[in-house]
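Single-structure report; data block below.
The values are calculated or read from the model by the stated rules, or taken from the named source; none is laboratory data. Predicted model, so just to flag it, every value in this text is computed and none were measured. Cβ coordinates were reconstructed from backbone atoms using ideal geometry, including for glycine residues, and neighbour counts include every protein chain displayed. Please note that ligands, DNA and RNA were not included when accessible areas were found on the heavy atoms of the full protein model with its side chains. Shrake-Rupley method; radii C 1.70, N 1.55, O 1.52, S 1.80 Å.
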Amino acid sequence: MLKALTSSCLQNRFHAVTTAFTPQVRRGTDSNTPLLRVLGSLRSSNRRGPYLSRRFFCSDSTDGSESNSEAAASEAKPAEKGGDADSKASAAIVPTVFKPEDCLTVLALPLPHRPLFPGFYMHIYVKDPKVLAALLESRKRQAPYAGAFLMKDEQGTDPNVVSASDTEKNIYELKGKDMLNRLHEVGTLAQITSIKDDQVILIGHRRIRMTEVVSEEPLTVKVDHLKEQPYNKDDDVIKATSFEVLSTLRDVLKTSSLWKDHVQTYIQHIGDFNYARLADFGAAISGANKLQCQQVLEELDVHKRLQLTLELVKKEMEISKIQESIARAIEEKISGEQRRYLLNEQLKAIKKELGLETDDKTALSAKFRERLEPNKEKIPVHVMQVIEEELTKLQLLEASSSEFNVTRNYLDWLTALPWGSYSDENFDVLRAEQILDEDHYGLTDVKERILEFIAVGKLRGTSQGKIICLSGPPGVGKTSIGRSIARALNRKFYRFSVGGLSDVAEIKGHRRTYIGAMPGKMVQCLKSVGTANPLVLIDEIDKLGRGHAGDPASAMLELLDPEQNANFLDHYLDVPIDLSKVLFVCTANVVEMIPNPLLDRMEVISIAGYITDEKVHIARDYLEKATRETCGIKPEQVEVTDSALLALIENYCREAGVRNLQKQIEKIYRKIALKLVREDGEIEPQNAEVDEVKAESIHLSDEIKSKEEIQAGAESANGSNDDEASENNAEAEAQGAENQTQKSANEDTCLQDTQETEKATESEASKTVNKVVVDSPNLADYVGKPVFHAERIYDQTPVGVVMGLAWTSMGGSTLYIETSLVEQGEGKGALNVTGQLGDVMKESAQIAHTVARTILLEKEPDNQFFANSKLHLHVPAGATPKDGPSAGCTMITSLLSLAMKKPVKKDLAMTGEVTLTGKILPIGGVKEKAIAARRSDVKTIIFPSANRRDFDELAPNVKEGLDVHFVDDYKQIFDLAF
């Protein structure tokens, strides 16, 4: 029955399982002689450790059969050709005299990874020379058997965590008793089929158990041969279990091809196949861990062994399913991406064929050509040639190369510039004048220059670029003038500040070879505005820096020079650009800080600042209006009086510009806004209550009306029916009395509510009518205490004190020069100077001392004041540095006043530098000084004769009320002062 089962049923099942799937080679098993293939693969395999092993299936291992041993030996023969003499001797056919059951003492070989099952091949590496010699010796004695025992894991280690190098090291070090303690008792009797160098091939025959140690080095033990427990071949449970094992193996083979080579080899040499062998086969080829396999090896009950194997193959089935799902998921992901890529490529190809879409390079070229099309005729020939060359180059480059991006960016800039595209200018002088007056009060000279520029443009029919430099103190409106000029001329406006600029590349651009290269500011300006004739405002040109990256002031020369900028060359574009139509407006606080070569190319228009009445106009017409709108306040809510504005300008905002004045006005309006919001916050809840009361009163009056109507209806009905009057009389009287009571109560409530509503409305109206008035007495509540006090320290200047006029970057100011006698004595004449004066003013003091002595000698020959007096000359406001060549005459007058003990005339101020011979030299800042004198209520001013022309050019409102004397020698001043 067993024969029939194994030869027909089981074999047929195995053929059904395996022939359905093409065997996929895992270890090179595609020949009909598996042993040859095994040994061939072993020759070429790497040797990785002392006892590394691989398992292969053997054709047959029927216990005790001579033919099996001979067959195994003969199969092993071809693999050993070419070996040494010893291996040839060992490869000889094992004689039939020696049988496996005769082996009772064997050499113990440790298996590190898996146990060897009967019927399977395994090769191991033996590093210990003593063990290798003992194996060779046993083959020579024609007893080619050894015991293969699985090693136990070390104490305290996780069997699931693999560390192959540590395991190999441990096996190599273990010997004798240590080795014995680490081996499982039950192992496999293995036939040594081949020994080549340190590689040994074993074939498992039968189960054995160690009983006692014979020798420790090499480890030799006595063994008992184990046999399966008797079982009933016809037992239905065993049959069913074996069929389930086969069925599961077949299912595993459907999902996994890893086992097909094992099954093919096994079926070719199925031989005497029984239930015990089936259990061993399933356990041997499963991927279970070594302890589970060892459990199957130790189990002698065939039914239990089959059950253990069934568990292992079922687990293998689950692993195969997981493997299949992982493979499917990854395959889907990869195939999805590949499919999308292929479809995209096909779509591109189809669109290209149909002309619907072009590739990236063609699309880019088309975009650049489209940009050039509108003004192609205006583009210079040399520029067009460069663009065509770059477009050709773009088509030849790969899109992934870095050069492609550089060329694309370069073409982007070249095609984006407005070559020959100019905005239509408006040469209407009257319109321009109106715009300039709208935006700025005063500044007559600046406006006149702009109107001249427009007039020339109108007569020529075309405008030319100029460089106008607006110089003046902060806050006088230099930047906003530039914006107004652009509006008046109908030009595009572009502003960039060069304050602190230290890199030449910001102006001239970077070379294209650098990473992140960009053109200079001028090219960026042209691209931004879209026209070739914008107005470019270069702010803070007096604050140009100078760093390690060159001198930007020198780079600005080419940009601003009208003779050169028709062919301005940017380093990035590397093609000449015409900037001759660009109107450059520069701003600076101090012209002296601008390098001379740069200043030489500019037309300087100085803006001195504003006098008090100009500031009042600016504050009233421009600043206040803009601030009110910004703060969201209506004109009827606020009134700032003229006296308040005047006090604000004189006591808080004396500087030349109006920026600080704007800040102070904003401060006033912010406080007013807060005041208004606080008041509204008190009113709002009252308004809500009033609305509620109104609604209630309306609702009540409606109810009263409806009740009155009902009552009137009832009364009329009663009047018409005289018959029913007597019956309903009592009822009507009662109802009437009740209604009357309710009516009177409701009327009282309604009247009270209406009165309250009227009161609330009146209070609201009164609050709305009240406007916030800012006057000079309450100005301090909004802007704090005055910052400036009167510049006039003295109403009548005492002896030795004279008022001078000074120019500062913030405008003009008055200052006093005081001289005092320290001590007097024979030959003690000396001068001490204080007041944080610069070198120029210190020298002026020395010159003044000398000239004063000369003049005193002329006027009063007997007066020895200077020869015998130690004097101290001081200029107040010692914290402020003072320097400049315009205080000489004031110092002389101060010294002479003290020497002659005569005070100077009241309301006199002077300015001018003196030479040693008494000549008066011209000064600067005439307008600022005149404004400062007016602010200090000075009526008489002394100016050098050379400054007469400057004073005549001043506006009438500045000159009004001033008595100005022009002198060229100090003697004239002497007569005026004393």
message: Please go through (1) crowded, with 18+ Cβ neighbours inside 10 Å; (2) over 37 Å from the mean Cα position of the chain (by Cα) for Lys458 and return the number of the only condition it doesn't satisfy.
response: (1)
message: Condition first: open to solvent by less than 40 Å² (accessible area, probe 1.4 Å) and outside any helix (DSSP H, G or I). Now tell me which residues in region 480-493 satisfy that.
response: Arg491
Close pairs from region 101-116: first assigned to a strand (DSSP E or B), partner open to solvent by 40 Å² or more (accessible area, probe 1.4 Å), Cβ under 7 Å, at least 6 apart: Thr105/Val214; Thr105/Lys222
- request: Please determine, by comparing only the residues of region 175-186 that are surrounded by fewer than 19 Cβ atoms within 10 Å (Cβ to Cβ) and part of a loop (DSSP other than H, G, I, E, B), which one is modelled with the lowest pLDDT.
  value: Lys175
- request: Specify the residue that is modelled with the highest pLDDT; the eligible residues are those in region 249-286 that are among the hydroxyl-bearing types (Ser, Thr, Tyr) and either open to solvent by 10 Å² or more (accessible area, probe 1.4 Å) or under 58 Å from the mean Cα position of the chain (by Cα) (or both).
  value: Ser286
field: Selection within region 845-869 - in contact with a Leu (Cβ under 8 Å, 6 or more places away or on another chain), within 17 Å of Glu826 (Cα to Cα) and either at pLDDT 90 or above or in a helix (DSSP H, G or I) (or both)
entry: Phe865, Phe866
field: Members of region 859-871 that are surrounded by fewer than 16 Cβ atoms within 10 Å (Cβ to Cβ) and either in contact with a Cys (Cβ under 8 Å, 6 or more places away or on another chain) or in contact (Cβ under 8 Å) with a residue 40 or more places away in the chain (or both)
entry: Lys859, Glu860, Ala867, Asn868, Lys870
- line: How many residues of region 126-172 are out of contact with any strand residue (DSSP E or B) (no Cβ under 6 Å at 6 or more places or on another chain), modelled with pLDDT of 70 or more and of a type in the set (Gly, Ala, Ser)? The answer is 3
task: Give region 568-587 a look and list any residue that's of a type in the set (S, T, N, Q) and at pLDDT below 90, or say none.
output: Ser580
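Only one of these is over 21 Å from Lys927 (Cβ atoms) and without any contact (Cβ under 8 Å) to a residue 12 or more places away in the chain: Gly461, Gly457, Gly482, Gly500. Name it. Steps first, please.
On the way: Gly457 fails: without any contact (Cβ under 8 Å) to a residue 12 or more places away in the chain; Gly482 fails: without any contact (Cβ under 8 Å) to a residue 12 or more places away in the chain; Gly500 fails: without any contact (Cβ under 8 Å) to a residue 12 or more places away in the chain.
That would be Gly461, the only listed residue that is over 21 Å from Lys927 (Cβ atoms) and without any contact (Cβ under 8 Å) to a residue 12 or more places away in the chain.
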query: Residues of region 328-361 being open to solvent by less than 60 Å² (accessible area, probe 1.4 Å) and touching a residue at least 12 places away in the same chain (Cβ under 8 Å), which ones?
result: Lys361
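Results for (1) in a loop (DSSP other than H, G, I, E, B); (2) in contact with a strand residue (DSSP E or B) (Cβ under 7 Å, 6 or more places away or on another chain); (3) crowded, with 22+ Cβ neighbours inside 10 Å, shown as yes or no for each residue.
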site: Asp795; (1), (2), (3): yes, no, no
site: Val799; (1), (2), (3): yes, no, no
site: Leu805; (1), (2), (3): no, yes, yes
site: Thr814; (1), (2), (3): no, yes, no
site: Thr819; (1), (2), (3): no, yes, yes
site: Val822; (1), (2), (3): no, yes, no
site: Lys828; (1), (2), (3): yes, yes, no
site: Leu831; (1), (2), (3): no, yes, no
site: Glu843; (1), (2), (3): no, no, no
query: Is it the case that region 588-599 has a residue that's open to solvent by 20 Å² or more (accessible area, probe 1.4 Å), farther than 30 Å from Gln524 by Cα and modelled with pLDDT of 85 or more?
result: no
task: Inspect all residues belonging to region 332-346 and state whether any of them is outside the structural domain of Lys393 (by the TED database) and within 30 Å of Ser247 (Cα to Cα).
output: yes
query: Just checking, how many residues over region 346-364 are assigned to a helix (DSSP H, G or I) and modelled with pLDDT under 85?
result: 11
- prompt: Can you name every residue in region 875-889 that is crowded, with 16+ Cβ neighbours inside 10 Å and touching a Phe, Trp or Tyr at 6+ places or on another chain (Cβ under 9 Å)?
  reply: Val875, Gly884, Ser886, Gly888, Cys889
query: Can you name the residue in region 93-109 that is β-branched (Val, Ile, Thr) and open to solvent by 60 Å² or more (accessible area, probe 1.4 Å) and, of all such residues, is modelled with the lowest pLDDT?
result: Ile93
message: Would you confirm, using the coordinates I've provided, whether Ala626 is small (Gly, Ala, Ser), farther than 30 Å from Leu544 by Cα and surrounded by fewer than 18 Cβ atoms within 10 Å (Cβ to Cβ)?
response: yes
task: Check whether at least one residue in region 933-941 is among the acidic types (Asp, Glu) and either modelled with pLDDT of 90 or more or surrounded by 18 or more Cβ atoms within 10 Å (Cβ to Cβ) (or both), and report yes or no.
output: no
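Yes/no matrix, rows are residues, columns are (1) under 16 Å from Ser423 (Cβ atoms); (2) crowded, with 18+ Cβ neighbours inside 10 Å:
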| position | (1), (2) |
| --- | --- |
| Thr462 | yes, no |
| Lys478 | no, yes |
| Thr513 | no, no |
| Gly547 | no, no |
| Asp551 | no, no |
| Ser554 | no, no |
| Leu559 | no, yes |
Residue among Glu692, Glu655 that alone is on the phi < 0 side of the Ramachandran plot, among the charged types (D, E, K, R), modelled with pLDDT under 90 and open to solvent by less than 70 Å² (accessible area, probe 1.4 Å): Glu655
- request: Give me the pairs, please: first residue somewhere in region 305-318 and over 12 Å from Gln295 (Cα atoms) and part of a helix (DSSP H, G or I), second residue anywhere and open to solvent by 30 Å² or more (accessible area, probe 1.4 Å) and of a type outside the set (A, V, I, L, M), beta-carbon distance under 7 Å, and either six or more positions apart or on two chains.
  value: Leu310/Glu244; Glu316/Gly287; Met317/Asp251
query: Which helices (runs of 4 or more DSSP H) does region 597-653 wholly contain that include 2 or more residues that are touching a residue at least 60 places away in the same chain (Cβ under 8 Å), closer than 22 Å to Lys671 by Cα and of a type outside the set (S, T, N, Q)?
result: 642-651
